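The values are calculated or read from the model by the stated rules, or taken from the named source; none is laboratory data. If you're wondering where the values come from, they're calculated on a predicted model, not measured in any experiment. Using ideal geometry, Cβ is built from the backbone for each residue, glycine included, and neighbour counts are taken over all protein chains shown.
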Amino acid sequence: MTTLLSLRDPFAGPLTLPDPRPSLAGAGRAELQERLIAIGVPQAKARMRADQIWRWTYHYGVADFSAMSNIAKGLRADLDRAYTLKRPEVAARQISVDGTRKWLIRLEGGQEVESVFIPDVGRSGTLCVSSQVGCTLTCSFCHTGTQRLVRNLTAAEIVAQVLIARDELGEWPTPERPINEGDRRLTNIVFMGMGEPLYNLDEAAAAIDVISDGDGLAIGRRRITVSTAGVAPRIPELGERTGAMLAISLHATNDPLRDVLVPINKKYPLETLFEAIRAYPGLSNAKRVTFEYVMLKGVNDSLAEAKALVKLLSGTPAKINLIPFNPWPGSSYACSDWDTVEAFAAVLNRAGYASPIRTPRGRDILAACGQLKSESVKERASARYRKAHDAADA
């Protein structure tokens, strides 16, 4: 950060202006090579140098070029003059009574997203990442859906959420102190935070390439799950481009109800959605689709609905996550009674489907499924220009 004294008010104290250097944290391999060539690294050596920076950035998690001991001091100085490895700012941190952690992350331009780490049994755990600021969709039971779409995240901003989580959990090894994979707490990634990832597929796919790279973060593609509310035309493409696991935000077994709960169903009704699901590459009993089903009292939780769900999923390798509804301010829905949820699950179990009832996590900090929302708002380009102009004049 650059610190300047205000000339307009001698008592105002120092002003902190954004660092003009772009950050390479979250960048892909091709971008790293381009950035190196831009500061004078010969093209013949750019790939090797990019591989070195990649290893330091994504395996060891260093945030300072000076720590890259196998890179010449002169190049480290050149890198430091031109770039940084800073992550976006963590504007707020919350920890639930159950150990769930939520981070409010402030991006370039001041917009904010939330990501959540959910500790599981043992030492495994899942990071729920966002793919958009706000959301394209308006699912009626989801808090995020009440926030209009501000913008898509870049691949680097998606990857940065993983870097921040590893920073905060202290999970980076050093050359002297390796961390065994079995000792990691962050083992899985789910694109189930803010936004519809299939409306940002290019950036989500690029982020998955970085996250899954074995020389860096090394979270395998079978441990990365992408959830969609049903953008049917892009579902097979997701599988072809990423090899990730697929989750469908379903919540209803018939079109009239799903039109209300998940309005994108009006564009891609259930028949169209299931045609796309059946075309997902690699779909098998070893690579099942996860169907997410939020239990809403008196809305979708009857035994008749459970039997209809069994019929709907017939022939599709699937498991069903039953999610007790997580309340949020202003919601008109209530969570199904526990006996009702268990009876619903029993119908699915008898039909041969794994149907775990997801234990609500992080409810007390609004970090549970469907509760994420930031206060970011979309601004006109003219307003952003005025803010930038005012900062430059300060």
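See the values below:
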{"read-out": "Evaluation of Val113 against (1) at pLDDT 95 or above; (2) under 12 Å from the mean Cα position of the chain (by Cα) (one fails), failing number", "value": "(1)"}
{"read-out": "Qualifying residue in the range 33-43 (condition: touching a Pro at 6+ places or on another chain (Cβ under 9 Å), modelled with pLDDT of 95 or more and not in a helix (DSSP H, G or I))", "value": "no"}
{"read-out": "Strands (runs of 3 or more DSSP E) contained entirely in the range 217-299, each with at least 2 residues that are buried (at least 17 other Cβ atoms within 10 Å of the Cβ) and out of contact with any helix residue (DSSP H, G or I) (no Cβ under 9 Å at 6 or more places or on another chain)", "value": "245-249, 289-295"}
{"read-out": "Members of the range 49-98 found to be assigned to a strand (DSSP E or B) and among the aliphatic types (A, V, I, L, M), listed by number", "value": "Val90, Ala91, Ala92, Ile95"}
{"read-out": "Long-range neighbours under 8 Å by Cβ, at least six apart or interchain, first residue among the aromatic types (Phe, Trp, Tyr) within the range 156-183, second modelled with pLDDT under 95", "value": "Trp172/Ile179"}
